[in-house]
Each structure stands twice: as C-alpha cells, then as structure tokens.
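The values are calculated or read from the model by the stated rules, or taken from the named source; none is laboratory data. Owing to the predicted nature of the structure, the values given are computational and were not obtained by experimental measurement. Cβ sites come from the backbone with ideal geometry, for glycine too, and all protein chains shown count toward neighbours. To get the accessible areas, we keep the full protein, side chains included, count just its heavy atoms, and leave off ligands, DNA and RNA. Shrake-Rupley method; radii C 1.70, N 1.55, O 1.52, S 1.80 Å.
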Amino acid sequence: MRSKYVSLLECKDGEILYEDLYDKNGLLIVAKDTTLNSYIINKLIKHNIDEVPVYLSNKDFNKLGREKVEVVYEESVLVSKKIMNSLASGEAVDASELKIVSGMLYDEIMKNGSIISYMWKINNVDEYTYNHSVNVALYSLFISRWLRYSQDEIKNVIEAGLLHDVGKLKIPNSILNKKGRLTTEEYEVMKTHTLIGYEISAAIPNLDEEIRKAILCHHEREDGSGYPNGLKGSELNDYSKIVAVADVYDALTSERAYKKKVTPFQAIEILNSSSFHRYDFRILSVFLKNIVYYYLGSTVKLNNGYVGNIVYIPPSNITKPVVKIGNYYLDLSKNYSLNITEMI
C-alpha cells in the first residue's frame, strides 16, 4: 500500500501514519498505523516535525465498514461452530469450509483491522467456545501479519486459531462452565482437550501438521510449565506459540461464567509484568507493542468515574494513555492513581 507526505498544518483527523515517528533523540513518539487526531498532530508539531507519511488510501472505519466486519465475524462463528461440532461428533469435515473461513477473515482484516473494536463488545457467554475460537484466529492473524508471515502461512495460523479449542467440545459442560474453581480432578479432565483436539483434527483432509501441533501445544509454555507434555522453547512450533498468546489475551478480555473480563490495558499490564518467561518473547513483544494502538479513540471509564476518549498512547508507557475528558487532556502516565476500569 502506497503512502504520501502531508504537511502537519494540512493534516486531518483520521489520516493513518505510514511509518514510526521518532524525536531527535531517537525515541518513538507515535507508532506506525496510528490514526492521527488533533492531540497527536499538535504533539508532533511541538517536536518540530513538519510533515508525516500517511497512507494514500484512508482506512477509516466507517459505518458501512463496521457493518461488513460484523457480518464477516458472525458468519465465521457460524461456520466454525458447524466444523467443530462435526469433528466432535465424528462426522466428516469438508476442508474447503475451513479454507473459506480463513480466507474470509484474511481478506476482511487486510482491508479493515478495526474489527478489534467490535470483538471487545461481544459478551455471549453461552457461545464462548465458538466466539473465542474466532477471536483467537483473528488475534493470531494480526500477530502473524506483524511478524511478516506469507499469505499462506497467515491463513494456516488462522486455521490453527479456529481449531485450537475443538477438543473442549468433548469436555463436560459442568466443567467448562463451572463458576467456581476447578478441583484437581476436574482440571486434569480439562487439560485433556488439547490431546482430544489433536486426535479429532485428523478427520480434516490434508490439514497441515503444523496446525495440528498448535492444537496440541497451545497450552505448552516457554519455561516448560505448560501441558500436555511440558515442552519448552525450541520444542514448540511457532504456530502454537502465536496461538498461545492470542488465547490468553482473549481469555483475559472475555466474559466467562466464572470470571469478569478485564480491559485490554489491564490485560496488557498482566502480560507485560509476569508472562515473558512463559511465552515467546518475540511474539509477545510484537503483540503487545501493536495491539494497543487499535484502542486509540475508544471511549473509556476511569476509576474516578470520569468518561473520556483515548487520544494518545505513549510508546514508552502503553497502558497509561492520554484521555480527553471534555476539553481537558488527562495523562494517565502522570497520574498513577488513575486507571481505565471499563471500555464503553
């Protein structure tokens, strides 16, 4: 996709940055793919930046684009549900259906990445397994794209995300949707879903073995603390490492029968502070660095009760954005007692 340089004095809200922008000391000010607004434009002017590279084709998420994204998402959930239920029932599965879903998601995301703002609003606890599978496929798509995977590899990663939890359809609902903490025995049953999923995925003709390994190993961890086999580091394929990060992020930010969801910023803090030894450093880093900018412009509620819109996310402190409340700009990085408690 081509770019053009635009004078900041002529730059309009909604232009999307084509490259990272740095200050004179080499520190990142605004990240690539950020949607510019008046706050960011004024910030760049203060850094004596005269013009910026932006995309020739504006990727603004308009009403028509939002409706198309919602349709694609819902269709993907329905087809994924059909595929997963067929596998769990021992029925034959048409591999082309899986290809259709991965292709549909790939094509739509390449045109409009703002589907993330839609995913956040989904709270269907009863359909969690299916929504979660599509969400993990989408987050995995983003990660593999940020890692510069080829189109075929990205579609494989999407399929790995769609199928990663298929084995859970063989786990009793009394365990899957239990509101309290699982007993040791129940947890051992839950852990079998990776092996079950690996076994039943063999019913899909010509399914790439790397995808099946991701189904088996998405709960393995870099430090060997995962299951089912306690594998670590180089023993794991990249598909499983990507799906692992996507899986835990969506689990944290989704409503479940037994837990409330946290905000994306809380999830990023959790992953940033305690998870780099458990997940592939390169994959987790690229995810956290990039995913946060998709929440720019979101309406949020703070723990002091105020509601505002995110207008800037400092690259050096991504969980503490600048929030515009009325005509006032509140920099959370300078007010550590304040934090985002809700996305609206």
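Quick one: would you say LEU9 is modelled with pLDDT of 90 or more and either open to solvent by less than 20 Å² (accessible area, probe 1.4 Å) or touching a strand residue (DSSP E or B) at 6+ places or on another chain (Cβ under 7 Å) (or both)? No, not satisfied. Considering only residues in the range 305-319 that are among the small types (Gly, Ala, Ser) and at pLDDT 95 or above, the one that is surrounded by the fewest Cβ atoms within 10 Å (Cβ to Cβ) turns out to be GLY305.
Restricting the first member to the range 95-111 and to residues that are of a type in the set (Phe, Trp, Tyr), and the second to residues that are at pLDDT 90 or above, the beta-carbon pairs closer than 7 Å and six or more apart or on different chains are TYR106/LEU141; TYR106/ILE154; TYR106/LYS155; TYR106/ILE158. When LEU98, LEU105, LEU44, LEU78 are screened for being at pLDDT 90 or above, touching a strand residue (DSSP E or B) at 6+ places or on another chain (Cβ under 8 Å), in a helix (DSSP H, G or I) and among the aliphatic types (A, V, I, L, M), only LEU44 passes. Among the criteria (1) at pLDDT below 95; (2) under 25 Å from ARG145 (Cβ atoms), the one GLU210 does not fulfil is (1). Taking the conditions (1) under 22 Å from the mean Cα position of the chain (by Cα); (2) modelled with pLDDT of 95 or more in turn, SER201 satisfies each one other than (1). Of all residues in the range 133-154, those satisfying the criterion of being of a type outside the set (S, T, N, Q) and crowded, with 22+ Cβ neighbours inside 10 Å are VAL134, VAL136, ALA137, LEU138, TYR139, LEU141, PHE142, ILE143, ILE154.
Report yes if GLU209 is open to solvent by less than 40 Å² (accessible area, probe 1.4 Å) and charged (D, E, K, R), otherwise no. The answer is no for GLU209. As for the range 235-256, it holds at least one residue that is at pLDDT 95 or above, open to solvent by 60 Å² or more (accessible area, probe 1.4 Å) and out of contact with any Pro (no Cβ under 6 Å at 6 or more places or on another chain). Taking each residue of the range 155-184 that is in contact (Cβ under 8 Å) with a residue 12 or more places away in the chain and surrounded by 15 or more Cβ atoms within 10 Å (Cβ to Cβ) and looking for partners that are acidic (Asp, Glu) and assigned to a helix (DSSP H, G or I) with beta-carbon atoms closer than 6 Å, six or more apart or interchain, yields ILE175/GLU186. Scanning the range 12-28 for residues that are at pLDDT 90 or above and under 23 Å from the mean Cα position of the chain (by Cα) yields LEU17, TYR18, GLU19, ASP20, LEU28.
Evaluation of LYS260 against the conditions (1) modelled with pLDDT under 95; (2) surrounded by fewer than 20 Cβ atoms within 10 Å (Cβ to Cβ); (3) under 29 Å from THR34 (Cβ atoms) shows that the sole unmet condition is (3).
Checked against (1) surrounded by 15 or more Cβ atoms within 10 Å (Cβ to Cβ); (2) within 20 Å of MET119 (Cα to Cα), THR299 passes all but a single condition, namely (1).
Selection within the range 24-39: residues that are exposed (fewer than 13 other Cβ atoms within 10 Å of the Cβ) and not small (Gly, Ala, Ser). The member of this set that is nearest to PHE287 (Cα to Cα) is LEU27. Scanning the range 221-252 for residues that are β-branched (Val, Ile, Thr) and either in contact (Cβ under 8 Å) with a residue 40 or more places away in the chain or farther than 20 Å from SER144 by Cα (or both) gives ILE242, VAL243, VAL245. The residues in the range 13-41 that are closer than 20 Å to SER298 by Cβ and either in a helix (DSSP H, G or I) or among the basic types (Lys, Arg) (or both) can be counted, and the count is 5.
Within the range 270-287, can one find any residue that is of a type in the set (Ser, Thr, Tyr), in a loop (DSSP other than H, G, I, E, B) and either surrounded by 14 or more Cβ atoms within 10 Å (Cβ to Cβ) or modelled with pLDDT of 95 or more (or both)? Working first, answer last.
Taking the range 270-287 and keeping what is of a type in the set (Ser, Thr, Tyr), we get 273-275, 279, 285.
Cutting the leftovers down to in a loop (DSSP other than H, G, I, E, B) gives us 275, 279.
Among the residues that remain, those that are also either surrounded by 14 or more Cβ atoms within 10 Å (Cβ to Cβ) or modelled with pLDDT of 95 or more (or both) are: 275, 279.
For the range 270-287, residues of a type in the set (Ser, Thr, Tyr), in a loop (DSSP other than H, G, I, E, B) and either surrounded by 14 or more Cβ atoms within 10 Å (Cβ to Cβ) or modelled with pLDDT of 95 or more (or both): present.
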